[in-house]
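A.B. asks: Submitted below is the structure of interest, expressed as structure tokens.
The values are calculated or read from the model by the stated rules, or taken from the named source; none is laboratory data. As the structure is a computational prediction, the values presented were derived from the model and not from experiment. Ideal geometry is used to build each Cβ from the backbone, glycine not excepted, and the neighbour counts take in all protein chains shown. Please note that ligands, DNA and RNA were not included when accessible areas were found on the heavy atoms of the full protein model with its side chains. Shrake-Rupley method; radii C 1.70, N 1.55, O 1.52, S 1.80 Å.
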Amino acid sequence: MEKEERIFIRIQKYRKESWKKLCFKKQISLSSLIIDSVENRVFDDERRKILAFIEKQDNIFVRIENNINQVARIVNTQKLMNIEALKGFNEKLKTITELKEQQNGIFTKIYSLIANDNQFR
């Protein structure tokens, strides 16, 4: 979208400097700060943090899945597993599956919010 208009506002110098410091810290533009604040949208730096968090969570589950595969390989090579250990393993597997489903539901909502936010940019 092409920027066609300019808005001039008058504020105290200390306030402008404070806003500029905030923008530098968040690595966003002053225009983005003002527009996103006025339109009550997710800031670009927050969007980046959300996406990084999602990626980190996904990596955690990948490591867990790898550990599960390692346990399965050990059991397959030894051809035996203690019944109590198997029950415990299955309970943990069930918990991981439930957490993954919850995580996916949360991620779907987050992506939806970000997508709705992006349609106004």
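A.B. asks: Relative to the Cα centre, what is the charge dipole magnitude of segment 1-117, using +1 at the beta carbon of each Lys and Arg, -1 at the beta carbon of each Asp and Glu, and rounding to the nearest 20 debye? Intermediate results must be reported in sequence, preceding the final value.
C.D. replies: Working: 23 positive and 17 negative charges, 115 e Å.
Using only the charged Cβ atoms, the result is roughly 560 debye.
A.B. asks: Right, another one. Determine one quarter of the surface area of the Cα convex hull of the chain, which equals its mean projected area, and express it in nm² to one decimal.
C.D. replies: Working: hull surface 45.3 nm².
Result: a mean projected hull area of 11.3 nm².
A.B. asks: Ignoring ligands, DNA and RNA, how do Lys20, Lys49 rank by accessible area with a 1.4 Å probe, largest first?
C.D. replies: Details: Lys20 95, Lys49 135 Å².
Of Lys20, Lys49, the descending order of accessible area is Lys49, Lys20.
A.B. asks: Now for a different question. What accessible area per residue comes out for the chain, rounded to a whole number of Å², with a 1.4 Å probe? Numbers along the way, then the final one.
C.D. replies: On the way: 10350 Å² over 121 residues.
Per residue, the chain has 86 Å² of solvent-accessible surface.
A.B. asks: May I pose another question? How big is the Cα convex hull of segment 1-65 in projection, averaged over all directions, in nm²?
C.D. replies: Details: hull surface 25.6 nm².
So the mean shadow area of the Cα hull is 6.4 nm².
A.B. asks: Evaluate the distance, in nm, between pseudo-label points positioned 7 Å from the Cα of Ser18 and of Thr108 along their respective Cα→Cβ axes.
C.D. replies: 4.3
A.B. asks: Provide Asp58, Asp45 ordered by accessible surface of protein heavy atoms (probe 1.4 Å), highest first.
C.D. replies: These residues rank, largest area first, as Asp58, Asp45.
A.B. asks: Ranked from the most accessible area to the least, with a 1.4 Å probe and all protein chains present, what is the order of Leu80, Leu33?
C.D. replies: Values: Leu80 115, Leu33 15 Å².
Ranked list, largest accessible area first: Leu80, Leu33.
A.B. asks: Here is a further query. I need the shape label for segment 56-104. Rule: rounded when a/c is under 1.5, else prolate if a/b > b/c, else oblate, with a, b, c from the alpha carbon gyration tensor. It would help to have the intermediate numbers written out before the result.
C.D. replies: Working: a/c = 4.19, a/b = 1.72, b/c = 2.44.
Here segment 56-104 falls in the oblate category.
A.B. asks: Once the whole set of protein chains is in place, how much accessible area is left on Phe53, using a 1.4 Å probe, in Å² to the nearest 10?
C.D. replies: Rounded to the nearest 10, that gives 100 Å².
A.B. asks: While we're here: Check cross-link reach from Lys26 to the lysines: straight Cα distance under 21 Å, and skip same-chain residues fewer than eight apart.
C.D. replies: The qualifying lysines are Lys13, Lys16, Lys49, Lys56.
A.B. asks: Report in % the part of the accessible area of the chain that belongs to carbon and sulfur, leaving out ligands and nucleic acids; probe 1.4 Å.
C.D. replies: Numbers: 5820 of 10350 Å².
Result for the chain: 56 percent of the exposed heavy-atom area is carbon or sulfur.
A.B. asks: From the mean inverse distance of alpha carbon pairs (Kirkwood) and the Cα radius of gyration, derive Rg over Rh for segment 40-80. Could you put the intermediate results ahead of the total?
C.D. replies: On the way: Rg = 17.9 Å, Rh = 12.6 Å.
Reported Rg/Rh, Kirkwood definition of Rh: 1.42.
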